[in-house]
């Protein structure tokens, strides 16, 4: 709606309350000023395990506090211990992301969850003892307010559409020029995620951005939100000590890497090499929409 030209009648709208999810702070403020209403944001799950709402006076950028006195914590996926509170700069930038970001966990509620239909792997990932691990990353400030920081699984959310990385990877790997494709989420400057993929090219093949674009254009089952916005060219697929593919480092570095990275600024653009000036533009966009804390380090 904000992309529609303003109309003198906007300020006289009968709209009083807009309820939704994942609007950036800047966009919510513009919407309120334009239509003379209040925007109510929050965090919830289709599994129904937790709801976090923004009460009056919530800090900018936070998703608020848990409803009903729920015991919700931010837990380290490596140690299983609660993460320390976030430290913020006066400008709102997260100063200790390495230790404060963890998975949002609802304590002592796992027994209420009926489970995922015929998906024991997902069940095991979410239900750990008495606790329910949401699969979402976040951090918590000194006053207890929660902030959303992305997803720890291979699910992406682009323009309010949720989808898994696996189907996108399988489509890209149809391209004969590619040996392997890893698809993962990187933060969007406004809200949610953007799609990034790391490509290991087939032996003796050099990456051609125009050829990739032409290939993607010809895939009828590639969802409109699935097209990678960033493409990173890697020499080999990163693996863990026991030789399992890992995307942790790729997500953390995002587009801040010494590897070649190509960027498609918008769906109608062609892929082109990402330059230092482009990184500065992205940083400015994140700052404008109050999401500087999510920038890759």
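A few points about this structure:
- Over the chain, DSSP H runs of length four or greater, each weighted -39,500 (n - 2.57), average out per residue to a 222 nm ellipticity of -5500 deg cm²/dmol.
- Förster-model FRET efficiency, 51 Å R0, residue 280 and residue 113, C-beta, rounded to 0.05: 0.70
- Most simply put, region 155-291 has about 80% antiparallel DSSP beta bridges, counting only bridges with both residues inside it.
- Alpha-carbon centroid distance for the pair region 74-146 / region 223-264, whole angstrom: 24 Å
- A P(r) calculated from all alpha carbon pairs of the chain, with 10 Å bins opening at zero, reads 6, 24, 32, 25, 11, 1, 0 percent.
- Under a Gaussian network description of the chain, with springs only between Cα atoms under 10 Å, the residue in 276, 268, 179 that fluctuates furthest is 268.
- Shape call, region 251-297: gyration tensor on alpha carbons, a/c limit 1.5: oblate
- Computed on the chain, with alpha-carbon pairs under 8 angstrom and 6+ residues apart, the relative contact order is 13 percent.
- Here the Gaussian network model covers the chain, with springs between Cα atoms less than 10 Å apart; of 262, 139, 116, 116 fluctuates the most.
- Structural descriptor for region 13-151: relative contact order 20 percent, calculated from alpha carbon pairs under 8 angstrom and at least 6 residues apart.
- Cα convex hull, region 155-291: 115 Å³ per residue, rounded to a whole number.
- Most to least packed among 290-297, 79-86 [average Cβ atoms within 10 Å]: 290-297, 79-86
- Listed residues 191, 109, 14, most fluctuating in the chain (Gaussian network, C-alpha, under 10 Å): 14
- Histogram of C-alpha separations across region 215-297, 5 Å bin width, %: 3, 12, 18, 21, 20, 15, 9, 2, 0
- Length-normalised contact order for region 99-245 - Cα pairs under 8 Å, 6+ apart - percent: 16 percent
- Tensor-based shape of region 13-151 (alpha-carbon gyration tensor, a/c under 1.5 rounded, otherwise prolate or oblate): oblate
- Size of region 136-234 as Cα extents on the principal axes (Å, biggest first): 55, 26, 20
Since every read-out is calculated from the coordinates, none of them should be taken as a lab result. Worth saying up front: this structure is predicted, and the values here are computed from it rather than measured. Counting neighbours? That spans all protein chains shown, and the Cβs are built from the backbone with ideal geometry, glycine included.
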